[in-house]
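For reference, the structure discussed in these notes is given below.
Rule-based calculations on the coordinates, nothing more; no lab input. Computed from a predicted structure; not experimentally measured. Positions of Cβ are generated from backbone atoms using ideal geometry, with glycine treated the same way; all protein chains shown enter the neighbour counts.
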Amino acid sequence: MNPLLINPSTTALVVIDLQKGIVGRQVAPHASSLVVQNAAALAKACRKNNMPVFLVRVTPSADRKDALHPLTEATMPTQTSSPDWAEIVPELGPQEHDFVITKRQWGGFTGTELDLQLRRRGINTIILCGISTNIGVESTARFAYEYGYNQIFAEDAMSALSAEEHTLAISKIFPRIGLVKSTKEILESL
């Protein structure tokens, strides 16, 4: 097992899609309330250590022309957007020095300034959490890996539409591209 040594000056927290419209969905294996609670604890600890917190949310453009429509075997669940759908849940903020990144696709890097803002701050390691483990979080993680970031995955600060989807990413994908830890282990390292 790799030791968890976190350097606060080169590490940031990246929270994926913990916004009102997504947190309201049924997820597994961890309830949305637990995911939000753990992510909020991570954000509080990172802020206390003067580490950047990036709150990434997803929302379509006003004309919705940025939506992808590929040929697929399965369709994603659709949901009507309420006016507050893209608002970050209040437990997370945003706080004064947080960065809010708006994405239009699954991953936090595609078409956003996330990479630019991390690099400008000398960040080489990200702590990653959010909903959905195998969609927004995994898409962000794959790009982060290809961009050369070290990654720490907060296993109990993320969840998916099913326990099977979460478990696949946690057990097969994330260990190949980073370290999978509990919120408690990460907090103890901070």
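In straight Cα distance, which aspartates and glutamates are under 15 Å from K184, not counting same-chain residues fewer than 8 positions off?
Excluding near neighbours in sequence, the set is E155, D156.
Report, ordered by chain and residue number, the lysines lying within cross-link reach of K172, taken as a straight Cα distance under 18 Å and ignoring same-chain residues fewer than 8 apart.
Once the sequence-local lysines are set aside, what remains near K172 is K181.
Compute the length gained on full extension between E188 and S9: take 0.36 nm times their separation in residues and subtract their Cα-Cα distance, giving the result in nm to one decimal. Each step should come with its number before you reach the end.
Details: separation 179, 0.36 × 179 = 64.44 nm, distance 1.67 nm.
Computed gain between E188 and S9 is 62.8 nm.
Gaussian network model of the chain, Cα springs within a sub-10 Å range: biggest mean-square fluctuation belongs to which of V56, V36, V100?
V100
Calculate how steeply helix 32-48 sits against the longest principal axis of the alpha-carbon atoms of the chain, using the helix alpha-carbon long axis, and give the answer as 0 to 90 degrees to the nearest 10.
40 degrees
Scan [x] 1.00; [y] 0.94; [z] 1.11 for the value of Rg/Rh (Cα atoms, Kirkwood Rh) calculated from this model and give just the label.
Answer label, from the structure shown: [y].
So if R0 is 25 Å, what FRET efficiency would L168 and R25 give, r being the distance between their Cβ atoms, rounded to the nearest 0.05? Write down the numbers at each step before the final one.
Details: r = 18 Å, r/R0 = 0.74.
Once rounded, the FRET efficiency stands at 0.85.
Remind me, relative contact order of segment 84-190 in percent, using alpha carbon pairs under 8 angstrom and six or more residues apart? Show your work: numbers first, answer last.
Working: 128 pairs, mean separation 23.6, N = 107.
RCO, segment 84-190: 22 percent.
Could you tally the net charge around D156, taking each other residue with its Cβ under 12 Å from the Cβ of D156, Lys/Arg +1 and Asp/Glu -1? Walk me through the numbers on the way to the answer.
Details: positive: K181, K184; negative: E155, E185.
With Lys, Arg at +1 and Asp, Glu at -1, the neighbours total 0.
When the chain is treated as a GNM, springs tying every alpha-carbon pair under 10 Å, which of N38, N134, N50 comes out with the largest mean-square fluctuation?
Evaluated over the chain, the most mobile residue of the options is N50.
Name the lysines eligible as straight-distance cross-link partners of K65: C-alpha to C-alpha under 22 Å, and not fewer than 8 places from it in the same chain.
K103
In a GNM of the chain with a 10 Å cut-off on Cα contacts, which of G136, G24, G178 has the highest mean-square fluctuation?
Looking only at G136, G24, G178, the biggest GNM fluctuation is shown by G24.
So for the chain, averaging the separation of alpha carbon pairs under 8 Å that are six or more residues apart and normalising by length, what relative contact order in percent results? Mind dumping the intermediate values first?
On the way: 348 pairs, mean separation 58.2, N = 190.
Dividing the mean separation by the residue count of the chain yields 31 percent.
Mind giving me the FRET efficiency for L34 and A62? R0 is 35 Å, r the Cβ-Cβ distance, nearest 0.05 is fine.
Working: r = 34 Å, r/R0 = 0.96.
For R0 = 35 Å, the calculated efficiency reads 0.55.
Less than 12 Å Cβ to Cβ from E185, Lys/Arg counted +1 and Asp/Glu -1: what total charge do the surrounding residues give?
Values: positive: K181, K184; negative: E155, D156, E188.
Around E185, the charge tally is -1.
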